[in-house]
1. Mind listing whichever residues of region A:36-89 are out of contact with any Leu (no Cβ under 7 Å at 6 or more places or on another chain), among the β-branched types (Val, Ile, Thr) and without any contact (Cβ under 8 Å) to a residue 40 or more places away in the chain?
2. Among B:ILE302, B:ILE260, B:ILE283, which is the only one that is farther than 30 Å from A:MET121 by Cα, at pLDDT below 95 and of a type outside the set (Lys, Arg)?
3. Restricting to region B:229-284, count the residues that are within 28 Å of B:GLY211 (Cα to Cα), over 20 Å from the mean Cα position of the chain (by Cα) and in contact (Cβ under 8 Å) with a residue 60 or more places away in the chain.
4. Would it be correct to say that A:ALA25 is surrounded by 22 or more Cβ atoms within 10 Å (Cβ to Cβ) and touching a Pro at 6+ places or on another chain (Cβ under 6 Å)?
5. Among the residues of region A:116-149, write down those that are in contact with an Asp or Glu (Cβ under 8 Å, 6 or more places away or on another chain), hydroxyl-bearing (Ser, Thr, Tyr) and either surrounded by fewer than 24 Cβ atoms within 10 Å (Cβ to Cβ) or assigned to a strand (DSSP E or B) (or both).
6. Within region B:141-151, track down each residue that is within 8 Å of another protein chain (Cβ to nearest Cβ) and among the hydrophobic types (A, V, I, L, M, F, W, C).
7. Is it the case, given these coordinates, that A:ALA228 is crowded, with 24+ Cβ neighbours inside 10 Å and of a type in the set (Gly, Ala, Ser)?
8. Would region A:168-175 turn up any residue that is surrounded by 22 or more Cβ atoms within 10 Å (Cβ to Cβ) and part of a strand (DSSP E or B)?
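The values are calculated or read from the model by the stated rules, or taken from the named source; none is laboratory data. Everything quoted here is computed from the prediction, not taken from an experiment. A quick note on method: Cβ atoms are made from the backbone with ideal geometry, for glycine too, and the neighbour counts reach across all protein chains shown.
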Amino acid sequence: MIGVTSLEGRMAERELTFAEAIREALAEEMRRDPRVFIIGEDVAEAGTPFKVLSGLVEEFGKERVVDSPISEPGFTGLGVGAAMTGLRPVVDLMFGDFLTLAMDQIANQAAKIHYMSGGKMKAPIVIRTTLGATRRSAAQHSQSLQAWVSHVPGLKVALPSTPYDAKGLLKSAIRDENPVVFMEDKMMYKLKGPVPEEEYTIPFGVADVKRPGGDITLVATSSMVQVALGAADKLQEIGISAEVVDPRTTAPLDKQSLIDSARKTSRAIVIDEGYERYGVTAEFASVIAEGAFYYLDAPVRRMGARDVPVPFSPALEDVTVPTEETVFQMAKALCGRS
Amino acid sequence: MTRKAEKAAPAPFEAQDVEHWLHVYEQMVKIREFEEKANELYLKALMPGLTHLYAGQEAVAVGVCEALRPADYITSTHRGHGHCLAKGASLDRMFAELLGKEAGYCRGKGGSMHIADPASGNLGANAIVGGSAGIATGAAFSAKMRGTDQVAVCFFGEGALGQGIVYEVMNMASLWKLPVIYVCENNQYNEYTHFREATAGEITARAEAFGILAETIDGQDVRLVYETAQRLVERARRGEGPAFLECLTYRYYGHHVGDISRAYYRSKEEEQEWRTRRDPLKILGEKMVEQKLTDQAVLDGIHQDVLSEIEAAVQFAIDAPFPDPAEVDEDVYA
């Protein structure tokens, strides 16, 4: 059921994994534009610990696939300066948790340079990083910090949920004139999905209805889209038709699609793997509450990561994130079914 | 590797360079008078917010920027007016920015601490201490990758030596032989704290640890700054790698314009000593007169001309309109 509407019936085409789609987007953009280069820790021969970049250094050389020291602020800052002076850096921040290290360069430098200079300068940089728990990586390698970057004006934030979206959104990110934080779910790298051979890009700020439905809206991002789709299957079995809406980018946010879907179904659950408090779900919920209030039959419900540092033990970690089952139960209750 | 050149003397004047040195003198006067006027605007409550004055440090900005080409890059600091002017910014648009006017370099969106002028190679002043080290190093990386012979200069105060990113990017600059010069303006004070209380070991040793050529010079002698910068810049331009230049200097005013009671961290005698015996304008002017390259009347004439320019520039800024409030949402995204 992946990307049904986006693909418009091209389901018969080839399949790629999420990682392959990312790699293909990078390779195509690097072939198209000599200004594009990659910098980060172990991005060259190692191809990152996730092997997402394997093969790129062989094609583009070490000048364009640059292994950096373990210095997130340093190489992110270097990327900002390179972007301001005519290059198109794709900075690789291995784990989303490392955003904290590079935050000054992202939030105070890259995000603000265009505005602070009265529009004369720009920083077209892509910061690729990861999100997602349940990899048994504990508290410093499992966070989903998209709310942090979505909060800062000047940044764009993409959260692809399928190989198709990953490729199209990444190509748009690289071509964008602004700093883009591009967050990939680590657990999704091996997920397969259709990706057409021909060139395409996906615009930012355009939500995708991943599954149409009439009884309840499930707004979900990144890792949570698959969870929502799984829950929707279960709901179907008990006669509840769930619509799954994937905003695909949190900044810009396609508010209207969220509102339209909630108005149609009269019920909404918003799901994101970031911490629930002050999170992406809070923003989504307020958008729907403000835009669809008179159409709602129930309060908008939020489902995010539990507000605890991500624990190590599988027995503990698994209860920190929304699952098909918890989303199913919440949706069922919201629809007045016990 | 360090050359302790604090006492080194610059090369003798060459008669044919008179015009050049008069220009250098004028640039320094321009910065000095700009800052005096900025202070006045603050005291008269004509300027929103506050500002950090560069008076006393003029020889560093001018000496270094005179060694650069228009296409070369600089990054600057919260105490950045001097760098912006030395790299080619115009007085009127600088004042307009300080007053938050539409005609300012950043259309009133940046203010004193964020003046940027890509047309003159100024990638922006930066209000995060050490925050531009990455940008300057990235500009050098970019110049190298694009195959130009541009050089980037990162100006920062000795207070930035406490910031980790400075060392991260120096490491990369050395590894990759990037054409970047780290100009550490040691004005003795990290805000309100003497640098010796905050800086262990030798400053140049920090750069040397990365295999970067490091030198310390008297930052009040503009000829020395210029000669040294020229040598380091051309070396970088030839692809021979980064350099670190510590310039010993002094800020005449406080950390910012509101910092007027300074006795708890430095003495009036110390301030007077620098103003009278180590003033960069006096050092150059007196040397030129002494060696009969010019006379005092010419220098006074320059001063008068600059003062008139400043008056006109300030008037332009005062008369300029504020931005339309509707512009607040513009330029968030390119």
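1. A:VAL57, A:VAL66, A:ILE70, A:THR85 - these are the residues of region A:36-89 that are out of contact with any Leu (no Cβ under 7 Å at 6 or more places or on another chain), among the β-branched types (Val, Ile, Thr) and without any contact (Cβ under 8 Å) to a residue 40 or more places away in the chain.
2. B:ILE260
3. The total comes to 4.
4. no
5. A:THR129, A:THR130, A:THR134
6. Scanning region B:141-151 gives B:PHE141, B:ALA143, B:MET145.
7. Here the answer is yes, as A:ALA228 does meet what is asked.
8. Looking through region A:168-175, none of the residues is surrounded by 22 or more Cβ atoms within 10 Å (Cβ to Cβ) and part of a strand (DSSP E or B).
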